[in-house]
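Student: For reference, the structure I am asking about is given below.
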Amino acid sequence: MEDKIAILILAHHNPDQLTTLIEHLSENFIVYVQIDKKSTLLISELPKHDNVFYFKEVNVYWGDYSLVENMLFVLEKAFKNNHSHYLFISGDDFPIKPNKEIIDFLTVNNSNIYMYANPLPIKTWTFNNGFDRVDRYWYMKIKSRNTVKAINRILLYVQRIFGIKIKRFPIKLYAGSQWLNLTHEALKAVFNFLNSNPEYLKKLKYSRATDEMWIQTIIMNNSVLKEKVINNDLRYIDWETGPEFPRVLNENDEKLLLKSNALFARKFNFNRDKKFINSFLNKLNS
């Protein structure tokens, strides 16, 4: 197996920011860019490198099962090339460690799986502490987030009144974030599980936000892999200070970013903070 690290970018907007991210990462990583098919982003306008691969195959909707399909699609493409690690980030993220330091960290900790993976129920999660994400029917294929929320509040209320539930796949559920750092061993086990249990994903077809659950659940129910999971996704994300949640990071956050043990951070706004972001990335390379 080639000892190469794959960065899997999920993107849908901000071509200038995405270009900067790709150019920075492509110096040392194999980069796979999965673009929402509905997006106006044009692959023809993005950087061309032998180690950068673009796909635009899945229409993605917030909270929808298409998020799972989107992840699965790019994982299948990357897995065929036998990488040592597979790291998910979004097009709004940037590394906060030098590329070499990211490589060294994963090399030293080469068997560890870094991801948040906590058993349900999760007290801080709405919709029955997370269980309703898989136990109820959701219709999420709507572009407007406010509209989809309103419709599904009504749909959930009706299902609760009449006791309508999906028969859950018989497995203990775990969840975290979709910003996963997987080893080749872990991803191989995920695909083996899916091949042996085709009903697993079928049960998630009408689910809500199970992009934060489907892989965690498979790995944490594998007795060998479970022991290799470090409950940390290595992402710096500020959910507390605002004014946006998560906070859009800028030059005022630089000291905290540099102190962090995370490998990547989110979110950034390149259109607003281009000077800071370019300066920060240059410092990482120096």
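The values are calculated or read from the model by the stated rules, or taken from the named source; none is laboratory data. In this text, all values refer to a predicted model and were calculated from it rather than measured experimentally. All Cβ positions, glycine included, derive from the backbone under ideal geometry; neighbour counts span all protein chains shown.
Student: Find the residue count for the range 15-45, including only residues that are more than 22 Å from residue 97 (Cβ to Cβ), among the polar types (S, T, N, Q) and within 19 Å of the chain's Cα centre (by Cα).
Tutor: 2
Student: If you don't mind, there's one more thing I want to ask. Say whether the condition of being assigned to a loop (DSSP other than H, G, I, E, B), touching a residue at least 60 places away in the same chain (Cβ under 8 Å) and over 30 Å from residue 224 (Cβ atoms) is met by at least one residue in the range 116-137.
Tutor: Among the residues of the range 116-137, at least one is assigned to a loop (DSSP other than H, G, I, E, B), touching a residue at least 60 places away in the same chain (Cβ under 8 Å) and over 30 Å from residue 224 (Cβ atoms), which makes the answer yes.
Student: Inspect all residues belonging to the range 140-151 and state whether any of them is in contact (Cβ under 8 Å) with a residue 24 or more places away in the chain, under 17 Å from residue 204 (Cβ atoms) and part of a loop (DSSP other than H, G, I, E, B).
Tutor: For the range 140-151, residues in contact (Cβ under 8 Å) with a residue 24 or more places away in the chain, under 17 Å from residue 204 (Cβ atoms) and part of a loop (DSSP other than H, G, I, E, B): present.
Student: Among the residues that make up the range 228-243, is at least one of them surrounded by 15 or more Cβ atoms within 10 Å (Cβ to Cβ), under 21 Å from residue 91 (Cα atoms) and in contact with an Asp or Glu (Cβ under 6 Å, 6 or more places away or on another chain)?
Tutor: No, that holds for no residue.
Student: Quick check on this structure: which one of 167, 143, 123 is modelled with pLDDT under 95 and out of contact with any strand residue (DSSP E or B) (no Cβ under 6 Å at 6 or more places or on another chain)?
Tutor: Numbers: 167 fails: modelled with pLDDT under 95; 123 fails: modelled with pLDDT under 95.
Testing whether each residue is modelled with pLDDT under 95 and out of contact with any strand residue (DSSP E or B) (no Cβ under 6 Å at 6 or more places or on another chain) leaves just 143.
Student: Could we say that residue 48 is in contact (Cβ under 8 Å) with a residue 40 or more places away in the chain and of a type in the set (D, E, K, R) here?
Tutor: No, not satisfied.
Student: Next up: Could you please give the count of residues in the range 1-12 that are out of contact with any strand residue (DSSP E or B) (no Cβ under 7 Å at 6 or more places or on another chain) and at pLDDT 95 or above?
Tutor: 0
Student: Condition check: surrounded by fewer than 19 Cβ atoms within 10 Å (Cβ to Cβ), under 24 Å from residue 136 (Cα atoms), among the basic types (Lys, Arg) and under 25 Å from the mean Cα position of the chain (by Cα). Does residue 165 satisfy that? It would help to see each step written out before you state the result.
Tutor: Details: surrounded by fewer than 19 Cβ atoms within 10 Å (Cβ to Cβ): yes; under 24 Å from residue 136 (Cα atoms): yes; among the basic types (Lys, Arg): yes; under 25 Å from the mean Cα position of the chain (by Cα): no.
No.
Student: Suppose we filter 52, 68, 58 for residues that are at pLDDT 95 or above, surrounded by 19 or more Cβ atoms within 10 Å (Cβ to Cβ) and closer than 26 Å to residue 276 by Cα; which single one remains? Before you say what the answer is, go through the steps one by one.
Tutor: Numbers: 68 fails: closer than 26 Å to residue 276 by Cα; 58 fails: closer than 26 Å to residue 276 by Cα.
Residue meeting the stated conditions: 52.
Student: While we're here: For residue 277, only one of the following conditions fails: (1) surrounded by 20 or more Cβ atoms within 10 Å (Cβ to Cβ); (2) within 30 Å of residue 164 (Cβ to Cβ). What is its number?
Tutor: With respect to (1) surrounded by 20 or more Cβ atoms within 10 Å (Cβ to Cβ); (2) within 30 Å of residue 164 (Cβ to Cβ), residue 277 is out only on (2).
Student: Only residues that are part of a loop (DSSP other than H, G, I, E, B) and within 21 Å of residue 7 (Cβ to Cβ): list them for the range 250-279, please.
Tutor: Selection gives 260, 261, 262, 263, 266, 267, 269.
Student: Still on this structure: Could you tell me how many of the residues in the range 186-227 are hydroxyl-bearing (Ser, Thr, Tyr) and buried (at least 20 other Cβ atoms within 10 Å of the Cβ)? Give the steps one after another, and end with the answer.
Tutor: So in the range 186-227, the residues hydroxyl-bearing (Ser, Thr, Tyr) come out as 196, 200, 206-207, 210, 217, 223.
Now restrict to residues that are buried (at least 20 other Cβ atoms within 10 Å of the Cβ): 207, 210, 217.
Matching residues across the range 186-227 total 3.
Student: Report, by residue number, each residue of the range 53-88 that is closer than 11 Å to residue 6 by Cα and touching a Leu at 6+ places or on another chain (Cβ under 8 Å).
Tutor: Residues satisfying the conditions are 74, 75, 78, 79, 84, 85, 86, 87, 88.
Student: Follow-up. If you check residue 282 against the conditions, is it surrounded by fewer than 12 Cβ atoms within 10 Å (Cβ to Cβ) and more than 23 Å from the chain's Cα centre (by Cα)? Show your work before the answer.
Tutor: Working: surrounded by fewer than 12 Cβ atoms within 10 Å (Cβ to Cβ): yes; more than 23 Å from the chain's Cα centre (by Cα): yes.
Judged against the criteria, residue 282 is a match.
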